[in-house]
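One structure is given here, and the rest of the page talks about it.
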Amino acid sequence: MTAPTDRTTPSRHADRTRHDRQAAAEILAASLVGHVGALDTAGRPVVLPVAVAPDGDRVLFHGSSGSRMFRTLAAGGPVCLTVTQLDGLVLARSAFESSMNYRSLVVLGQAEALEGQAKRDALRAITEHLTPGRWDSLRPMRPKEVAATTVLALDLTEFSVKERSGGPEDQEESGWPIWSGQLPIHMAVGQPVPEPGSEQRPAPDLPGALA
């Protein structure tokens, strides 16, 4: 557990919030995409989607070394990273009580720009998280490709996990003549579609690996 801060203590539904690194790690392990928010050089907010990967007590993400946001973050600019797993829609008898079941993570702080072997190890970790078992078979990254990529690590120091599960909380509306309940949502991986020229290669076991 980590101690909550003013910024990671919600004003609503505090009962749904935890500051448990294990819970944060489980959300990251199940996630492929997060969103990074920061201020640009003019002080305007910018949010970008990024691939994310867990790495012990931190989260890894990467982007172009030519990106203004990533240059700002590599220089120590403040960052907010969010990850959300949508588990279902909660269909109540009223719009106000309708909701979603979800698991979300918000991480605040300053990211560290990785270099040298730490950078290459992080690139491997991100690739293996997205497509397990692929890194060793891939064409090795060229030096110019590594240089064109900024890899950042954000410690799980100031963060919060928020979750909701269960059905609608609209029992007092039980007499209203409409269906009420949960609509589960799951991410599914389809069958691999080969590129021309690779049809004779063994298809990757992506559905099982990502599961």
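Before moving on, here are some points about what is shown:
- Cβ pairs under 9 Å, 6+ apart, first in region 1-30 and under 24 Å from Ala51 (Cα atoms) and surrounded by 15 or more Cβ atoms within 10 Å (Cβ to Cβ), second modelled with pLDDT of 70 or more and among the aromatic types (Phe, Trp, Tyr): Thr8/Phe159; His19/Phe159; Arg21/Phe159; Ala24/Phe159
- Among (1) over 14 Å from the mean Cα position of the chain (by Cα); (2) assigned to a strand (DSSP E or B) - the single one Val47 does not satisfy: (1)
- Being basic (Lys, Arg), outside any loop (DSSP other than H, G, I, E, B), touching a helix residue (DSSP H, G or I) at 6+ places or on another chain (Cβ under 8 Å) and more than 30 Å from Glu173 (Cβ to Cβ) is a property that Arg124 has.
- Condition met for Gly181 (surrounded by 10 or more Cβ atoms within 10 Å (Cβ to Cβ) and more than 25 Å from Val79 (Cβ to Cβ)): yes
- Within the set Ala74, Ala53, the sole residue that is closer than 22 Å to Ala148 by Cβ, surrounded by 15 or more Cβ atoms within 10 Å (Cβ to Cβ), in contact with a His (Cβ under 7 Å, 6 or more places away or on another chain) and touching a residue at least 60 places away in the same chain (Cβ under 8 Å) turns out to be Ala53.
- Pairs where the first residue, in region 90-104, is closer than 19 Å to Leu28 by Cβ and the second is in a loop (DSSP other than H, G, I, E, B), C-beta under 6 Å, 6+ apart: Asn101/Ser165
So that you can scan it fast, the table gives a plain yes or no per residue for (1) assigned to a strand (DSSP E or B); (2) more than 12 Å from the chain's Cα centre (by Cα):
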| position | (1), (2) |
| --- | --- |
| Ile27 | no, no |
| Gly43 | no, yes |
| Val59 | yes, no |
| Gly63 | yes, yes |
| Thr72 | no, yes |
| Thr84 | yes, no |
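- The set of residues in region 35-70 that are of a type outside the set (Lys, Arg) and under 15 Å from Asp155 (Cα atoms) comprises Val36, Val52, Ala53, Pro54, Asp55, Gly56, Asp57, Val59, Leu60, Phe61, His62.
- Taken over region 102-140, the criterion of being of a type in the set (Gly, Ala, Ser), surrounded by fewer than 16 Cβ atoms within 10 Å (Cβ to Cβ) and modelled with pLDDT of 95 or more is satisfied by Gly116, Ala118.
- The set of residues in region 139-158 that are touching a residue at least 60 places away in the same chain (Cβ under 8 Å), assigned to a loop (DSSP other than H, G, I, E, B) and not β-branched (Val, Ile, Thr) comprises Ala148, Leu156.
- Scanning region 86-121 for residues that are assigned to a loop (DSSP other than H, G, I, E, B), out of contact with any Leu (no Cβ under 9 Å at 6 or more places or on another chain) and under 20 Å from Thr149 (Cα atoms) yields one hit, Glu115.
- Unmet requirement for Gly133, which otherwise passes all of (1) part of a loop (DSSP other than H, G, I, E, B); (2) touching a residue at least 40 places away in the same chain (Cβ under 8 Å); (3) of a type outside the set (A, V, I, L, M); (4) farther than 28 Å from Pro204 by Cα: (4)
The values are calculated or read from the model by the stated rules, or taken from the named source; none is laboratory data. What you see is a predicted model; the values in this text were computed from it and never measured. Positions of Cβ are backbone-derived with ideal geometry, glycine not excepted, and every protein chain shown enters the neighbour counts.
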